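Report on one structure; see the data block that follows.
The numbers here are math on the coordinates, done by the rules we state, and not lab data. For clarity, every value in this text was computed on a predicted model and none was experimentally measured. Virtual Cβ from ideal backbone geometry, glycine too; neighbours counted across all protein chains shown.
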Amino acid sequence: MIEIKNLTKIYTASGQKIVALDKVSLTVNKGEIFGIIGLSGAGKSTLVRCINMLEKPTAGSIMVNGQEITALKKDELRAVRQKIGMIFQHFNLLSSRTVFDNIMFPLEIAKVPRKDAVRRTRELLELVGLADKADVYPAQLSGGQKQRVGIARALANNPKLLLSDEATSALDPQTTRSILQLIRDINRQFNLTVLLITHDMNVIKEVCDRVAVIDDSRIVEVGDVMSVFTAPASPTARSFVNSVLNREVPTELLHRSSAVNGQVHTRLVRVAFIGSSAGEPIISSLIRKFNVDANILYGNIDRIKDTPFGNLTLELIGQPRALQEALAYLQNRGLEIEVLNDV
Amino acid sequence: MSDGWLLGRLLVATWETIYMVATSTFFSYLFGLPLGVILVVTARGHIMENSVVNRVLGWIINATRSIPFIIFLILIIPITRLLVGTYIGTVASIVPLTLAAIPFVARLVETSLKEIDWGLIEAALSMGANSWTIITKVLLPEAKPSLLLGVAITTISLVGYSAMAGIVGGGGLGTLAYYYGYQRYENTIMWATVIVLIIIVQGVQLLGEKLAQKASKNRG
């Protein structure tokens, strides 16, 4: 759906060159919800704006639906933009227009005949659950309702792609969840490809299929949300994952385990359970099969999109050989294992 | 001089002032509004960025605005003559009033349009809107309350300028106050014109605020 190659954006401000994007390459598949996460200033806002050319790239190529969009003429670009919906952090609704007329605006731009435009607008109001707010002005709506109007407006011309620029960042957690739910629904219902940017790992966790981590103008990690959550490879990804999952082991615990390090050996192990394996009684079989003791230090269960996902931090105590066998056993069961205090 | 004469003279002069001010407000917006729009959209980073147009226009506007009106009035007498055949009288003063107000209006419009959140323009661009659509369906409607207040400010300024034009034979309340009130020491006439001017200015301001309020109703 989107294929970005070596995208570079350099701003020149008062003689100084600022690199906002540095040779970014990325592929977004049709029908998926793809998240880009990064801290503010990392370049994610610039990246999403390059895809509909609100920002002109300095170099590189962007293909949307097989069409190179960096080389389009003005009128061609306008036609392409009509088929790419976009929603914004601050909604950007016209205060001079009612909800109904705001949603109809892109249809006016696309010169849809008025009768069809009115019918389509009614449809969209139903879709986002705001049929009773048609004649109200944006100022009278809550943040969540405003974003629903924004989503309806973005979908007006039946786009194949939806760009979301921090669409939930100005909303409270509960409203965020309901907006994300709506994004998931429209993604499924219309097989709509969604590219969203956020600084909130919860957003990635709740709706995204794949995620790219951007740091200092570069993509540092791309992968399935599940694999990034269970085994983040880059320090940036790790700190984002830690922001929503409590994975850090208190340092006293790490010290304690090494302090008792006499005859018996201890290992701190983090085990990630994904999907069906979350139901297996692995600890009791571990203790029965090998001569080790297990001490549960921390555990939680969460959900990444639709898949249950558990996290367990264990202290295993036993002879080195037994510990090794026990770890091998866990690995063979297809569990993600991470040894925290490597000896 | 009877009271009836005074009242009649005052009514005629009031009508002349209203006529001059209304007509020149209309014409100054006819030209000043597009110029203000051009100033905004040709600015750096805006939808029709054009630094040459922007700079030249800005320079002309500043130059015209720096000439005091009373001098401007005399300076453009040839133009006034060319356009209306004379440089004395109510119709003739509409020319300098309009020409002086155009750059003023352009700057007021520019200020109003610059207040609009760039996000709204970005949203319209993302929908594939062209520049004309953005100007007519985003910039102007969104700035309507502020533009209406600008019209009130312009009208009030023109009431003041029209009195100045009156001194050089422009007609209206200015002429009345100058010839009868000042040169003939008719204090009644002086005060009567002042009171009428105050009423006009208050009325215009009130009307402007009411209209702006109505336009921004529901906007929060």
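Net charge of the neighbourhood of residue A:13, taken over other residues with C-beta under 15 Å away and scored Lys/Arg +1, Asp/Glu -1, is +2.
Dipole size in debye (nearest 20) for the stretch B:1-153 around its Cα centre, Lys and Arg Cβ +1, Asp and Glu Cβ -1?
In total the dipole reaches around 300 debye.
Selection among B:54, B:176, B:157 by position relative to the dipole of chain B gives B:54 as farthest towards the positive end (Cβ unit charges, Cα centre).
Dipole magnitude for the protein assembly as shown: about 1080 debye, using +1 per Lys or Arg Cβ and -1 per Asp or Glu Cβ, origin at the Cα centre. Treating r as the C-beta distance of residue B:199 and residue B:179 and R0 as 25 Å, the FRET efficiency rounds to 0.70.
Expressed as an acute angle from 0 to 90° and rounded to the nearest 10, what is the orientation of the C-alpha long axis of helix A:173-189 relative to the principal long axis of chain A? Taking the Cα atoms of chain A, the angle to A:173-189 is about 70 degrees. Of all the options B:162, B:126, B:146, the one that moves most in a Gaussian network model of chain B with Cα springs shorter than 10 angstrom is B:126. Between residue A:302 and residue A:142, the distance separating the two model label sites (each 7 Å from Cα on the Cα→Cβ line) works out to 2.6 nm. Compared with the dominant principal axis of the Cα atoms in chain A, helix A:320-332 is inclined by about 30°. When chain A is treated as a Gaussian network with alpha carbon springs shorter than 10 Å, the biggest mean-square fluctuation among A:71, A:110, A:42 belongs to A:71.
Of A:284, A:243, A:61, the residue with the greatest mean-square motion in the GNM of chain A, using alpha carbon springs below 10 Å, is A:284.
Across the stretch B:76-220, the mean sequence separation of Cα contacts (distance under 8 Å, 6 or more residues apart), normalised by length, yields a relative contact order of 24 percent.
At a Förster radius of 45 Å, what calculated FRET efficiency corresponds to the Cβ-Cβ distance of residue A:339 and residue A:10, to the nearest 0.05?
Efficiency for this residue pair is about 0.55.
Under a 5 Å amide H cut-off, with hydrogens placed 1.01 Å from N, residue B:47 pairs with nothing among residues at least 5 apart or on other chains. Residues B:127, B:190, B:20, ranked from the fewest to the most other C-beta atoms within 10 Å, line up as B:190, B:127, B:20. Quick one, could you list the DSSP H helices from chain B stretching 15 Å or more along their long axis (Cα atoms) with average Kyte-Doolittle hydropathy of 1.0 or above? Membrane-span-like by this criterion, though nothing is claimed about a membrane: B:3-41, B:90-114, B:140-165, B:187-216.
Can you give the % of DSSP beta bridges in the stretch A:2-244 that are antiparallel, to the nearest 5? Taking every DSSP beta bridge with both residues in the stretch A:2-244, the antiparallel ones total about 55 percent. Would you mind checking the pairs A:5/A:111; A:17/A:305; A:83/B:137; A:111/B:144 and listing those with alpha carbons more than 29 angstrom apart? The answer is A:5/A:111; A:17/A:305. Once backbone amide H atoms are built at 1.01 Å from N, residue A:304 has A:309 as its partners under 5 Å, excluding neighbours fewer than 5 places away on the same chain. As a proxy for reagent exposure, A:55, B:16 were ordered by neighbouring Cβ count within 10 angstrom, fewest first; the result is A:55, B:16. The phi torsions of the stretch A:70-86, fed into the Karplus equation with coefficients 6.51, -1.76 and 1.60 and a -60° offset, translate into couplings of 6, 10, 6, 6, 3, 6, 5, 4, 4, 5, 5, 4, 4, 9, 10, x, 9 Hz, rounded to whole numbers, with Gly and Pro shown as x. Farthest toward the positive end of the dipole of the protein assembly as shown, out of A:163, B:87, B:208, is the Cα of B:87, where the dipole comes from beta carbon charges about the Cα centre. Under a 5 Å amide H cut-off, with hydrogens placed 1.01 Å from N, residue A:220 pairs with A:213, A:214, A:215 among residues at least 5 apart or on other chains. Considering only beta bridges that DSSP places wholly inside the protein assembly as shown, some 70 percent are antiparallel. When the square roots of the Cα gyration tensor eigenvalues are ordered a ≥ b ≥ c, the ratio a/c for the protein assembly as shown is 1.5 or more and a/b exceeds b/c, which makes its shape prolate. Model label sites at residue A:30 and residue B:82, defined 7 Å from Cα along the beta-carbon direction, differ in position by 6.5 nm.
Comparing Cα centroids, the stretch A:283-299 and the stretch A:168-234 end up 35 angstrom apart.
From the alpha carbon centroid of the stretch A:148-162 to that of the stretch A:91-137 is 11 Å. Across the stretch A:223-240, rounded Karplus estimates of 3J(HN,Hα) from the backbone phi angles (6.51 cos²θ - 1.76 cosθ + 1.60, θ = phi - 60°) give x, 4, 4, 4, 6, 5, 6, 7, 9, x, 8, 9, x, 5, 4, 4, 5, 5 Hz, Gly and Pro being marked x.
Each label point was placed 7 Å from the Cα along the Cα-to-Cβ direction; for residue B:117 and residue A:233 their separation is 3.9 nm. Taking Cα atoms only, the orientation of helix A:99-109 departs from the longest principal axis of chain A by about 70 degrees.
So for the protein assembly as shown, taking the charge dipole from beta-carbon charges (+1 Lys/Arg, -1 Asp/Glu), which of B:132, A:60, A:149 sits furthest toward the positive end? Going by the charge dipole, the pick is B:132.
Computed from the Cβ-Cβ distance with R0 of 45 Å, the FRET efficiency linking residue A:295 to residue A:170 stands at 0.55.
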